[in-house]
Amino acid sequence: MGILIKGKPVADAITEEVKKEAEVLIQRGIVPKLKIVRVGEREDDLAYERAAIKRMTACSISSEVLALPSDISQADFIEQLKNVNNDDTVHGILLFRPLPKQINENDIKFIISPEKDIDCLNPINVAKVLEGEETGFPPCTPSAAMEILKYYNVELKGREAVVLGRSMVVGKPMSMLLLKENATVTICHSRTNNLEDVTRKADILIAAIGKSNFIKGDHVKEGAAVIDVGINVDEEGKITGDVNTSDCIEKAGLITPVPGGVGSVTTAVLAKHVIKACKINNRGVR
């Protein structure tokens, strides 16, 4: 039977280290600050906002929320976002997506400077992730998955990794982060032929397809590490992952739960990125 690997110990370890770094910066007169930009009041955005603010407080990082109306025009939104980006007291900017239909995401991708873009919206940071450039900011969710793999000493070099999902938010950057650690990576998706045959080859299986309980025991190789990145709500209103944990745990070596897995590490990675951005925006600070 596989071992359930939870995110809390990982998040706690990151939080402890980030808090130490933040306190050193504060002693030097630099207060690390996160600005959250939210349009409308989607419940998932509000839940993440509360979790992020709580994490920032635990890490001695200042945080503010810019809450904008859901019917804001694109012109007004761009003006507000530019004001945030030009605020020298703000080191990291988190913009909740998806944005309302009247705002074209492609038109605003470059507004947040790469140095403050801590969740990888700006294409410059996307390119840095592709190149493995250390000054970039990968998206927080795949970064959290990597933190879990490293914390639990999952061997990546030379291992077969399968990423189920190809989004720019998780799937594609996840594959780049695994490649950087010298894993052999296969990306698959809902239209992949003989999907079970592909996923059963994985020493490390990353599920990010956005379908509740999609991954069953037949998808999993004996002893594999299974990282569930999915966040779904089932017919009963319960939060579920992309992996049917009870069906897979008999075969998996390690498996993350939902909730309590990758999601619980994401805000800690966000805090880590704020500190990194603070140092970049205050050149020479270590």
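The values are calculated or read from the model by the stated rules, or taken from the named source; none is laboratory data. Predicted model only: the values in this text are computed from it and were never measured. Neighbour counts are summed over all protein chains in view; Cβ atoms, including those assigned to glycine, are modelled from backbone coordinates with ideal geometry.
Would you say LYS8 is surrounded by fewer than 17 Cβ atoms within 10 Å (Cβ to Cβ) and in contact (Cβ under 8 Å) with a residue 60 or more places away in the chain?
yes
Out of everything in the stretch 232-286 that is among the polar types (S, T, N, Q) and assigned to a helix (DSSP H, G or I), what residue ends up being farthest from PHE214 (Cα to Cα)?
ASN281
Please enumerate the residues belonging to the stretch 27-53 that are under 15 Å from PRO259 (Cβ atoms) and among the basic types (Lys, Arg).
Matches in the stretch 27-53: ARG50 only.
State all residues of the stretch 130-154 that are surrounded by fewer than 13 Cβ atoms within 10 Å (Cβ to Cβ) and free of Cβ contacts under 8 Å to residues at least 24 places away in the same chain; if no residue qualifies, say none.
GLU131, GLU133, GLU134, LYS150, ASN153
For residues that are within 14 Å of ALA225 (Cβ to Cβ), in a strand (DSSP E or B) and touching a Gly at 6+ places or on another chain (Cβ under 8 Å), tally how many sit in the stretch 153-194.
2
Buried (at least 19 other Cβ atoms within 10 Å of the Cβ) and touching a residue at least 12 places away in the same chain (Cβ under 8 Å): does that describe VAL170?
In short, yes.
Scan VAL269, VAL233, VAL243 and give me the residue that is in contact (Cβ under 8 Å) with a residue 24 or more places away in the chain and assigned by TED's automatic domain parsing to the domain that holds TYR151.
VAL243 is the lone residue from the list that is in contact (Cβ under 8 Å) with a residue 24 or more places away in the chain and assigned by TED's automatic domain parsing to the domain that holds TYR151.
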